[in-house]
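The values are calculated or read from the model by the stated rules, or taken from the named source; none is laboratory data. Only a predicted model underlies this, so the values are computations on that prediction, with no experimental measurement involved. Because the Cβ atoms are built from the backbone with ideal geometry, glycine has one as well, and the counts that use them run over all protein chains shown. Just the protein is used for accessible areas: all its heavy atoms, side chains included, with ligands, DNA and RNA removed. Shrake-Rupley method; radii C 1.70, N 1.55, O 1.52, S 1.80 Å.
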Amino acid sequence: MNEKSDPNAIPTTKEQRRTSTTRYLKLNRLPTLQEVLDRRTKPPLDLFCFYIFLQRESAEDALDFWLDVQQHENMCKAYFKDIKRSGRTIDEEWPEFANYARTNGSHFSPLLSLSTSATPRQPNSPNPAQGDFSPRSNQGEFDSPTLGGTTRERRDTESHGNAPRSSMLSPAPSSTMNELGMGRPQNRDRPSMTPSGKMSLRGKFGGGQVPKTKAPTVIARDRAIEKSALIDGAERIYLRYLLPGAEREIYLPPSLRIHDFPISTPDSASPMIPDLFHAQKVYIFKALEQDAFPRFLRAKAFGNLTPLGSFVRLIVGLVCLWGGFVLAFSLIFLDWKPRLTRLWTILPFIVALNLLLSSYYSLSPLLALFNRSETTPFRHIKVKEPYVRKLLTIRALWIELVCILITAILVVIFTVVPGHRL
C-alpha cells in the first residue's frame with residue numbers, strides 16, 4: 001500500500017497536515033469527529049475546545065484513552081517501519097506476532113511483509129491507524145455506545161441512560177489468552193509510552209487542568225522504537241484506563257473488557273500488544289461520535305457561550321427586564337409629561353432582551369460581532385472556522401431582529417397607553 005497516496009491516512013508531517021487542513025477548509029460544512037481528532041480543524045471546533053467541552057462534562061477520560069491508544073498504535077507503526085528499513089522481516093524480528101497476525105489478523109498487516117495473508121477478525125471495522133472511520137455495513141456491532149464508567153454510575157444514569165448492550169467485538173477467548181500468557185502486570189508505575197516521554201493531552205498537563213497546546217501528532221524520537229517501549233506503553237494504558245478499579249477507568253461493555261494484561265518481557269513480548277486496544281478504541285470513537293460530539297457541535301458551531309455564561313446573562317437580563325417594567329409603569333402612573341419621555345424605556349428593554357435571548361440561544365451577538373467564543377466562563381478564543389463564523393453571524397442577526405421587534409412592541413405599548421396619576 002502506498003501510504004502517501006492514501007486519502008484517509010492520518011497526516012503525520014507538517015506538509016501533510018497543512019494540505020489536509022486546506023482541503024477541509026474548502027468544504028462548506030461542519031467537520032467530522034475524525035477531522036477534529038486529526039487536528040485539521042480550527043477554533044472553536046478544534047481538539048483543544050473539544051477536550052475542554054468533555055472536561056466540563058467529566059468525560060475527558062474517553063478522549064484521553066483514544067489519544068493514548070492512537071499514540072501507542074503510531075509507535076507500533078513506527079516500530080514496524082524501523083524493522084522494514086533495517087532490511088529485516090517481521091518473521092525474523094518478532095516471529096510470535098507474525099504467526100499471530102497470520103492466524104487472527106491485524107490492522108497493521110499492510111505494513112508487514114507476511115508470506116500468507118491473514119483474514120482479519122473484523123473485516124468491516126474501521127482502521128484508525130490510517131484514519132478510516134467511515135460508516136460500514138456492520139453498524140450493529142456497536143449497540144448505542146455511551147461514555148461513562150462504573151465509577152460514574154450516577155452520571156451515566158442522568159446523562160446517558162442505561163448502559164449499552166454487549167458488543168459483538170470481543171478480545172481473544174480465555175483459552176487463547178492463557179496460551180499467550182495473560183496475567184496481572186507487575187509494575188504499576190511505568191514510564192511514559194515514548195522514548196522521549198511524550199504523553200497524551202490529559203496526561204501531559206495533569207489532572208483537571210486545561211491543556212495549553214495540542215497533543216503531539218508525530219512521535220518525537222532520536223532512536224529506533226524498541227519492543228520494550230511498546231510493552232511499557234500498553235501496560236500504562238491498561239493500568240490507567242482498563243484495570244478494574246483504576247482511577248480513570250472508562251466504561252466498556254463486558255465483551256470488550258480486558259481483565260488481565262498479557263505478561264511480556266522485552267525478550268518475549270506478547271503478540272497481542274500491538275492490537276490489544278484496537279477494538280476498545282473503535283468503541284470509544286463511536287461512543288464519542290454518537291453521544292458527545294453532536295452536542296459539542298451544537299454548543300460551539302451554533303453558539304458561543306458556556307452554560308455558566310448563559311446563566312449569568314439570564315440573571316442580569318431578568319434584572320434589566322424588571323427595571324424596564326418598573327420604569328415604564330412609573331412613567332404611566334406618574335403621568336409624566338411629555339409622553340415621548342417614555343421612549344427611554346427602549347434602553348432597559350433592548351438590553352434585557354439581548355441578554356435573555358443570548359441566554360436562550362447560548363449565543364451572544366456582541367461576541368459574534370468580534371468573532372469571539374467562550375471556552376471557559378468569561379474566557380474567549382477567536383473563531384477561525386469560516387463556516388462556523390458564517391453560522392454564528394446569521395444566528396446573531398436573527399437574535400437582534402427578534403430583539404428589536406419585541407422591544408419595539410413593548411415601547412409602543414407603554415408609550416401610547418394614557419397616563420393616570422395615582
Output for segment 355-376, where each listed residue is touching a Lys or Arg at 6+ places or on another chain (Cβ under 8 Å) and either among the charged types (D, E, K, R) or part of a helix (DSSP H, G or I) (or both): 355, 356, 358, 359, 361, 368, 372
Elements of type helices (runs of 4 or more DSSP H) contained in segment 42-111, each with 2 or more residues being free of Cβ contacts under 8 Å to residues at least 40 places away in the same chain: 60-85, 90-93, 95-104
Segment 303-322, residues that are closer than 15 Å to residue 363 by Cβ and in contact with a helix residue (DSSP H, G or I) (Cβ under 6 Å, 6 or more places away or on another chain): 304, 310, 313, 314, 317
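Looking at segment 383-422 only, could you name the residues that are assigned to a helix (DSSP H, G or I), touching a residue at least 60 places away in the same chain (Cβ under 8 Å) and not β-branched (Val, Ile, Thr)? Full working, then the answer.
From segment 383-422, those assigned to a helix (DSSP H, G or I) are 386-416; that's our starting set.
Within this subset, residues satisfying the condition of being touching a residue at least 60 places away in the same chain (Cβ under 8 Å) are 386-388, 391-392, 395, 407, 410-411, 414-415.
If the condition is that a residue be assigned to a helix (DSSP H, G or I), touching a residue at least 60 places away in the same chain (Cβ under 8 Å) and not β-branched (Val, Ile, Thr), then 386, 387, 391, 392, 395, 410, 414 are the ones that fit.
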Top-ranked residue of segment 53-88 - restricted to ones that are out of contact with any strand residue (DSSP E or B) (no Cβ under 9 Å at 6 or more places or on another chain) and of a type in the set (Lys, Arg), ranked as surrounded by the most Cβ atoms within 10 Å (Cβ to Cβ): 77
Residues (β-branched (Val, Ile, Thr) and open to solvent by less than 10 Å² (accessible area, probe 1.4 Å)) located in segment 264-294: 273, 282, 284
Filter pass, residue 342 being surrounded by 14 or more Cβ atoms within 10 Å (Cβ to Cβ), in a helix (DSSP H, G or I), in contact (Cβ under 8 Å) with a residue 60 or more places away in the chain and out of contact with any Lys or Arg (no Cβ under 7 Å at 6 or more places or on another chain): yes
Residue list for segment 243-263, filter: open to solvent by less than 20 Å² (accessible area, probe 1.4 Å) and over 29 Å from residue 33 (Cα atoms): 261, 262
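Somewhere in segment 300-312, is a residue assigned to a helix (DSSP H, G or I), under 30 Å from residue 408 (Cβ atoms) and either open to solvent by 30 Å² or more (accessible area, probe 1.4 Å) or among the hydrophobic types (A, V, I, L, M, F, W, C) (or both)?
Step one: list which residues in segment 300-312 are assigned to a helix (DSSP H, G or I), which gives 300-301, 307-312.
Then drop every residue that is not under 30 Å from residue 408 (Cβ atoms), which leaves 309-312.
Then drop every residue that is not either open to solvent by 30 Å² or more (accessible area, probe 1.4 Å) or among the hydrophobic types (A, V, I, L, M, F, W, C) (or both), which leaves 311-312.
Yes, the conditions are met somewhere in segment 300-312.
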Set 372, 421, 379, 389: member being in contact with a His (Cβ under 6 Å, 6 or more places away or on another chain) and of a type outside the set (Ser, Thr, Tyr): 372
Selection within segment 291-301 - at pLDDT 95 or above and in contact with a Ser or Thr (Cβ under 8 Å, 6 or more places away or on another chain): 299, 300
